[in-house]
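Step one of this worksheet: look at the structure below.
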Ligand SMILES: [Zn+2]
C-alpha cells in the first residue's frame, strides 16, 4: 500500500494571482514623477484604458501586461466589447485589472451538499450503480463498488471526514485515493485523472480529493467508488446503501 508521489498535485487549491495593473500616471508632457504619497489609496480605483483607433485587444494586453492576456481582457469586458474580440470600438473603456472569472471559480465546481450526518456524495449530481454485479471483469468475480457516470475532470470529494491512507497509482484502479473514516470504514475513489491529496492528510466531508478520469482498467471515464469495512480488497459493502444510511439522498 505504498503511495507513489508522482500523481500528487499540490497546486489545485492555489488561488490565481489577481491581475493587477499599475498605471504610471504622468503629469503632462514633462512626465513629472508624482510624490509617492499621492499614489497611495488612489490605486483602489480599477485601472482602465480608453480604446483608440487602431488598437487591438492583443496589443493592449501586452502593453499593459494584463495577466491572462487578451482573452482575459475580452472576458472581463464582454459587456462593452460585444461578441467579437477582433472589433473594438474607439472610445470604449476597458477595465484592465478585473479578475479572470474562469480562474477564480470553475463553473463545474460542485457545491458539496454535506448532510447533518457529516456525509456527502462523492460526486455531485449523479447516482452510482452496479454494486455486486457478477462478471469476469473483476478479479473477485463481482463488482465491488458503484460506478458513477461522470466525465474526466469532475471534482471527486471525500464522503465524510477521515485520513488519506492511499493516494497514488493502484494498478487496475488507476489513480486512486483511499480514506479511512472514524467508524472504521474505508472509502475508495478510483480511475482518477489527478489526485490533490497526500497520504497522512486529514480531509473533511466534501473536501476535494482529485478529479475523475479513466486511468487503470476501464472502458471509459467514470468514478469507481467503494466502501470497505477494512483495508483489504473484498471487505466491501454496498456503498450506495452506506451513503443512504448516512442521510445522503442518492
Ligand atoms: Zn467500478
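The values are calculated or read from the model by the stated rules, or taken from the named source; none is laboratory data. Not measured: the values here are computed from a predicted model. Here the Cβ positions follow ideal geometry from the backbone for every residue, glycine too, while neighbour counts run over all protein chains shown.
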Within region 212-229, is there a residue that is crowded, with 23+ Cβ neighbours inside 10 Å, away from the ligand (no atom under 13 Å from the Cβ) and under 12 Å from residue 122 (Cα atoms)?
-> no
Just wondering, is there one or more residues in region 55-63 that are loosely packed, with under 12 Cβ neighbours inside 10 Å and either out of contact with any strand residue (DSSP E or B) (no Cβ under 8 Å at 6 or more places or on another chain) or modelled with pLDDT of 85 or more (or both)?
-> yes
Could you tell me whether any residue of region 131-145 is buried (at least 24 other Cβ atoms within 10 Å of the Cβ), at pLDDT 95 or above and touching a helix residue (DSSP H, G or I) at 6+ places or on another chain (Cβ under 7 Å)?
-> yes
Mind checking which residues of region 112-130 are within 13 Å of the ligand (Cβ to nearest atom) and in contact with a helix residue (DSSP H, G or I) (Cβ under 9 Å, 6 or more places away or on another chain)?
-> 122, 128, 129
Here are some residues: 237, 159. Which one is under 25 Å from residue 116 (Cβ atoms) and under 24 Å from the mean Cα position of the chain (by Cα)?
-> 159
Pick from region 146-158 the residues that are away from the ligand (no atom under 16 Å from the Cβ) and crowded, with 19+ Cβ neighbours inside 10 Å: which of them is farthest from residue 200 (Cα to Cα)?
-> 155
If residue 245 satisfies every condition in (1) surrounded by 14 or more Cβ atoms within 10 Å (Cβ to Cβ); (2) more than 15 Å from the ligand (Cβ to nearest atom) but one, which is the exception?
-> (1)
What pairs can you find where one residue is in region 138-160 and free of Cβ contacts under 8 Å to residues at least 12 places away in the same chain, the other is in a strand (DSSP E or B) and more than 12 Å from the ligand (Cβ to nearest atom), and their Cβ atoms are less than 8 Å apart, with a gap of 6+ or different chains?
-> 141/134; 142/134
